[in-house]
1. Do we have Lys31 as open to solvent by 10 Å² or more (accessible area, probe 1.4 Å), touching an Asp or Glu at 6+ places or on another chain (Cβ under 9 Å) and among the basic types (Lys, Arg) here?
2. Here's a check for you: in segment 225-250, which residue that is in contact with a Phe, Trp or Tyr (Cβ under 8 Å, 6 or more places away or on another chain) and open to solvent by 20 Å² or more (accessible area, probe 1.4 Å) is nearest to Thr263 (Cα to Cα)?
3. Which of the residues that make up segment 144-163 are β-branched (Val, Ile, Thr), open to solvent by 10 Å² or more (accessible area, probe 1.4 Å) and under 28 Å from Val19 (Cβ atoms)?
4. Looking only at segment 182-211, filter to residues that are in contact (Cβ under 8 Å) with a residue 24 or more places away in the chain and open to solvent by 40 Å² or more (accessible area, probe 1.4 Å); which one of those is nearest to ligand 2 (Cβ to nearest atom)?
5. Given the residues Ser105, Ser96, which is the only one that is more than 9 Å from ligand 1 (Cβ to nearest atom) and either touching a helix residue (DSSP H, G or I) at 6+ places or on another chain (Cβ under 6 Å) or polar (S, T, N, Q) (or both)?
6. State yes or no: is Ala283 farther than 30 Å from Val42 by Cβ and away from ligand 2 (no atom under 16 Å from the Cβ)?
7. Considering only segment 121-136, how many residues are under 16 Å from Asp99 (Cα atoms) and more than 14 Å from ligand 1 (Cβ to nearest atom)?
8. Taking the condition of being among the aliphatic types (A, V, I, L, M), away from ligand 2 (no atom under 16 Å from the Cβ) and more than 19 Å from Ile266 (Cα to Cα), how many residues in segment 118-177 meet it?
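The values are calculated or read from the model by the stated rules, or taken from the named source; none is laboratory data. All figures in this text were calculated on a predicted structure; none of them were measured in a lab. Virtual Cβ from ideal backbone geometry, glycine too; neighbours counted across all protein chains shown. Just the protein is used for accessible areas: all its heavy atoms, side chains included, with ligands, DNA and RNA removed. Shrake-Rupley method; radii C 1.70, N 1.55, O 1.52, S 1.80 Å.
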Amino acid sequence: MLNFQFYNPTRIIFGKETVSELSQQLPAQAKVLILYGGESAVKNGTIDEVKKALGEREYFEFGGIEPNPHYETLLKAVALVKQHQIDFLLAVGGGSVIDGTKFVSLATCYEGDPWEILSRKKVPVTALPIGTVLTLPATGSEMNCRGVVTRAETKEKLSFRTPLVYPQFSILDPTKTYTLPERQLANGIVDSFMHTLEQYLTYPIDAKVPDYFAEGVLRTLIEIAPDVLSQPDNYEARANFMWAATVALNGFLATGVPEDWTTHRIGHELTALYGIDHARTLAIILPALLEVKKEAKRGKLLQYAKRVWDITEGSDEQKVDLAIQKTCEFFESVGIKTHFSDYGLGREVIEPILQQMEKHGQINLGEHQDITLSTSRQILEKAL
Ligand code: NZQ
Ligand code: ZN
């Protein structure tokens with residue numbers, strides 16, 4: 001096992017009708033900004049429920065945070081926070097709203113040009129406190145210290161990571177997912193599956209706790225996916241989905257193990273350039289990455305084949321191939337396609353993606369930092 005530190009201060013409040021708990025979590029004198037996305041949280045009544053739970057506290061609202069939250073939009077929220085001296089940010093939504101809120105919390109307190117937070121020129125030192133009410137299980141943002149923001153003007157999608165943005169609390173009420181469309185449910189299943197895989201499919205290091213945990217999350221997602229997709233009000237399926245997605249990226253699965261975030265790094269460029277949903281970019285890249293890095297990942301792929309897909313027959317090579325095939329079939333079974341051609345894209349994507357990767361320093365990826373631009377080119381070729 002590798003050395004590690006584990007720190008996660010986010011309080012999780014999980015279960016039916018837990019939005020009312022907000023009142024206990026917020027300071028009595030808090031001046032709150034409620035941040036949300038398009039219409040979903042207003043239409044399904046969550047915003048009204050939140051306002052009620054705030055009681056007598058003074059609050060303001062900022063709606064319209066788009067999927068893949070835009071830097072330009074978030075700066076408007078920063079101006080509002082400064083104008084009214086707001087001191088607590090409450091995100092109501094999915095990963096985009098939560099990530100956007102994290103950025104607002106950093107940018108409000110940042111002295112220089114907020115773009116430096118994303119270009120990583122300087123490290124922020126303070127942030128406003130945030131809480132979340134999660135409506136879409138997928139990213140784990142509700143219990144981690146990461147965020148991803150897109151600058152629409154330059155088509156750049158960049159991430160940040162700092163312990164300053166761990167939410168103080170996150171309310172996870174599985175009934176809030178009942179209104180999710182199939183497309184977002186499928187995205188959430190694949191995104192959380194991928195978060196787990198990127199902390200798992202590297203090389204064996206005898207880290208039994210995170211390995212068995214990761215396999216449990218993967219098996220859970222495979223088992224519940226059909227019910228999550230076909231039964232909108234199946235509470236148990238939605239509850240298991242919600243917790244699996246949170247655990248997949250709250251830092252626990254990364255304890256003591258190497259990680260390989262190549263699929264996400266390439267995927268972000270794809271979303272920025274071509275507007276493909278985050279999870280879909282991952283489903284395009286991962287199978288190709290596994291083909292290209294099959295030898296280096298053989299040990300973990302065999303473990304994955306056996307413990308996640310129950311593959312026990314055949315040669316090692318056949319087991320690995322079958323595990324990759326089953327992964328693709330799983331993605332396709334939830335309605336997510338796995339090749340560029342399925343999205344009307346072809347060879348023309350390769351150069352622009354590689355250029356952006358070079359610009360953003362994505363040139364030594366993978367658990368051995370050996371995924372250079374030329375390996376990424378091979379991966380992109382295979383994904384066509
Ligand atoms: O905008 P509204 O109208 O609210 O609709 C949203 C949005 O269109 C809708 N939605 C959310 N909850 C709903 C609902 N519709 C009906 N009922 C509900 N209960 O879903 C749409 C997509 O929402 P979004 O927040 O964009 O989805 P997701 O949670 O998948 O977040 C994706 C973003 O998170 C980033 C991605 O890159 C992307 O920008 N990620 C963040 C990570 C992190 N912070 O750790 C890690 C991830 O790998 C990922 O990169
Ligand atoms: Zn993701």
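1. Working: open to solvent by 10 Å² or more (accessible area, probe 1.4 Å): yes; touching an Asp or Glu at 6+ places or on another chain (Cβ under 9 Å): yes; among the basic types (Lys, Arg): yes.
Yes, satisfied.
2. So the residue we want is Trp243.
3. The answer is Val148, Thr162.
4. Going through segment 182-211, the residues in contact (Cβ under 8 Å) with a residue 24 or more places away in the chain turn out to be 182-207, 209-211.
This time we only want the ones that are open to solvent by 40 Å² or more (accessible area, probe 1.4 Å), so: 182-184, 203-204, 206, 209.
Working: Glu182: 19, Arg183: 16, Gln184: 13, Tyr203: 22, Pro204: 24, Asp206: 27, Val209: 23 Å.
In this case the residue turns out to be Gln184.
5. After ruling out the rest, the residue left standing is Ser105.
6. Here the answer is no, as Ala283 does not meet what is asked.
7. The first filter runs over segment 121-136 and keeps only residues under 16 Å from Asp99 (Cα atoms), leaving 124, 127-136.
This time we only want the ones that are more than 14 Å from ligand 1 (Cβ to nearest atom), so: 124, 127-129, 131.
Looking only at that region, the number is 5.
8. 10
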